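These notes are about the structure you will find just below.
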Amino acid sequence: MSDDVMKGIRRELAHVIRELGHEPILVENYPPDRPGLEPPPEVVEEMVNKADAYIGIFHERWGTPYPKNNPPADIDNYIKGWDRSRQLSYTAYEYYLARKRGIPTIIFVSENENKQEDLRYFLDKIKQDILFHPYKTEKDLTDKAKELIKILPSKRLVEFLEKQSGYFTGQNDQASSFQDKPLKDYYVLNDLIKADIDTWTKDDDEVSGDKWSIEDFLNSEDRFVIIAADFGTGKSSFCYYIAHELATEYLNYSLKYQGDQRPKYQGYIPVLVELKKGFNTAYYNESLDYVLENVVELEKPGRKALVIFDGLDEYKNVREVLEKIRELLHKYRDDKIKIILTTRLVKEYYDIFTKPEDNPIGPQEHYVRIKPFDKNQVNEFFKKYLGEEKIEGKYPYEYFTDLGLTKEEVGRPLLAFMLAKIYKSGNKIFDINKSKLNEIEEGARHRILRTLIYHKFTYSILRGKFLELAKRDKYYERRWFKFYKREKELLRILAAISNIYNGEISDFEKKLRTIGVPVDDLDKEALDIVITSYFRQDGETIRFIHKSFQEYFLAEYYLEMISTDRTDMLNVGLPSKGAMYFLYGMIDLLNYYDKVKDLFREEDEHGKDLINTLAEIDKRRIIDTLNKVLEDKSIVFHKVMLDDIINSNR
């Protein structure tokens, strides 16, 4: 094909680009005073830097070698396995620059087989990273280009999609001291089933239904789905996973489909909204409405969004969330938008979801349930996280069920992560006298085990952090235990403040003083360290990395206030069921003290520390104080659950 014909194809393509509202940058227009000559390198690089996307057309000829830095030193990062004795042509170098900048790239390749050898070599190298769009004629190329350019992401959308993917890959700035690897390195997908809404309050082993997948949902006519699970089952991890999957596909594949081949996820753009932060997104904390209108640009042909509202139970106003969902479904018709809402299985939500007068989006007949890991998934998780198949000679599932945990508890990804983390740190999970453990009533035994797991995990992480600081810094060598002890106290108080302010803490030094906690120089220094333990920080606001950690420390706060007769400090909002479960477990430890004190072997330092702490607590005093709490109507508490605790400990 002659240069004139190729120029004609490029001119026609430029016309198509203008028709679709974009401005093409044509290499052959430079230098304008000497048409036909190759532009200098600085002009080529300036053109690529200005571009929001790159379209390369490769027919037969290889072209003139690029005159500068050829091949570039980092070429293998963008064209893997390149022979450094070969140089890139101008067009190939433009491709390298576009890939380096990370802008969307579309490659058209002629079906003509008479390609020069250098071009064949280049195409063979890049085909592993990018899908080609074959064309036979000029019309064939321009028709395909129209479809692709319609959904071509802007530079801003590319940046947004990278942030959506970053939760899963670890690129977003959300790490804490106990996250030593990104989620993508150890994530195992739970089974999901479509269940009848009437199973909402049933246990996992009582609920059955057809398998559900995100692909099926995006291919269906359904526009809204509720995804629910008990605590620690992986709701947020699932949201991070699908946001990553959709974002990656949109960036790498949805621009590259051929013929009848369509993207697996139908070209939907993920928009993750963590409700504990309100209706704002991870994109510079911009509002959801702003992102849909100005970043995703849903009004454009071919644009579709999957909005993922994560954590209904962590937002202060359930109806406000449902009203927002109704508004979006009404505003964007047909398949322009689909919505996922995740939540814990809060008992009160059943009435909201089933009664039309309480639910702005209408009564729901079904929801999707995330099931705990099964035996194989538990073992796969530990193998991914630890890099080994067995724990102390046993497969993980067998090890933990033999210890006394139920299959549902072992199957919770959060608990599996905590147990794996403890084991990886070089500690035995628990060196427990199993005969003594089995003497404890079954319900109490499970509450005690879960409470012990959280206790060992949280304090082993804190202790390890300060010991590491002591190794690196002589200042902490003499002070680490003082900081460690104060941080435990501060975590309890911050959990209480978090409960008052719906999970969000800002101006926390001021709020510490407001509830009567003096903040001295030690605390100011300790607070800076606390933030790296169990919190995610967004500007001046901090939140617990997972709700269950806030619930655990809140239970410790309650126990501390009750055991020291400071009931005036208990009025810190309504505790969740999870917080009460932990408090129940802590009182079970006291109730069964005679058996618990013999659970741990001499070499278990953590276990012995816990026993010494329990020995100092006056159980009778706690029960008497709890009775007073029930009589004090000014204190907001789960009265029914407190009655259960007291009655079981009489």
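The values are calculated or read from the model by the stated rules, or taken from the named source; none is laboratory data. Computed from a prediction, not measured in an experiment: that's the story for all the values here. Glycine gets a Cβ as well: all are built from the backbone with ideal geometry, and neighbour counts include every protein chain shown. Areas reflect the complete protein model, heavy atoms only, side chains present, ligands, DNA and RNA absent. Shrake-Rupley method; radii C 1.70, N 1.55, O 1.52, S 1.80 Å.
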Going through region 82-103 in order, the residues found to be closer than 22 Å to residue 150 by Cα and open to solvent by 10 Å² or more (accessible area, probe 1.4 Å) are 99, 101, 102, 103
Selected residue (criterion: nearest to residue 217 (Cα to Cα)) from residues of region 338-361 that are basic (Lys, Arg) and in contact (Cβ under 8 Å) with a residue 40 or more places away in the chain: 338
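A quick yes/no check of all residues on (1) aromatic (Phe, Trp, Tyr); (2) farther than 18 Å from residue 154 by Cα:
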| position | (1), (2) |
| --- | --- |
| 279 | yes, yes |
| 283 | yes, no |
| 287 | no, yes |
| 310 | no, yes |
| 321 | no, yes |
| 340 | no, yes |
| 343 | no, yes |
| 350 | yes, yes |
Looking at region 198-217 only, could you name the residues that are assigned to a helix (DSSP H, G or I), crowded, with 16+ Cβ neighbours inside 10 Å and at pLDDT 95 or above? 199, 214, 217
Region 289-317, residues that are β-branched (Val, Ile, Thr) and either surrounded by fewer than 16 Cβ atoms within 10 Å (Cβ to Cβ) or touching a helix residue (DSSP H, G or I) at 6+ places or on another chain (Cβ under 6 Å) (or both): 295, 308
Of all residues in region 127-143, which are over 15 Å from residue 59 (Cα atoms) and either of a type outside the set (D, E, K, R) or touching a residue at least 60 places away in the same chain (Cβ under 8 Å) (or both)? 128, 130, 131
Quick one: what pairs do we get from region 389-413, first residue at positive phi, second buried (at least 17 other Cβ atoms within 10 Å of the Cβ) and of a type in the set (D, E, K, R), C-beta under 9 Å, 6+ apart or different chains? 404/445
Select from region 411-426 the residues that are part of a helix (DSSP H, G or I) and surrounded by 22 or more Cβ atoms within 10 Å (Cβ to Cβ) and list them in ascending order. 413, 415, 416, 417, 418, 419
Region 59-74, subset part of a loop (DSSP other than H, G, I, E, B) and farther than 25 Å from residue 135 by Cβ, residue least open to solvent (accessible area, probe 1.4 Å): 72
Inter-residue pairs, beta-carbon under 6 Å, first closer than 30 Å to residue 236 by Cα and in region 545-574, second hydroxyl-bearing (Ser, Thr, Tyr), 6+ apart: 545/176; 545/534; 549/534; 550/498; 551/576; 552/454
Out of the residues in region 464-485 that are at pLDDT 70 or above, open to solvent by less than 70 Å² (accessible area, probe 1.4 Å) and closer than 22 Å to residue 549 by Cα, state the one that is farthest from the chain's Cα centre (by Cα). 483
Check residue 568 against each of (1) at pLDDT 75 or above; (2) open to solvent by 50 Å² or more (accessible area, probe 1.4 Å); (3) not in a helix (DSSP H, G or I) and name the one condition it does not meet. (3)
Which count do you get for residues in region 164-186 that are open to solvent by 50 Å² or more (accessible area, probe 1.4 Å) and at pLDDT 90 or above? 2
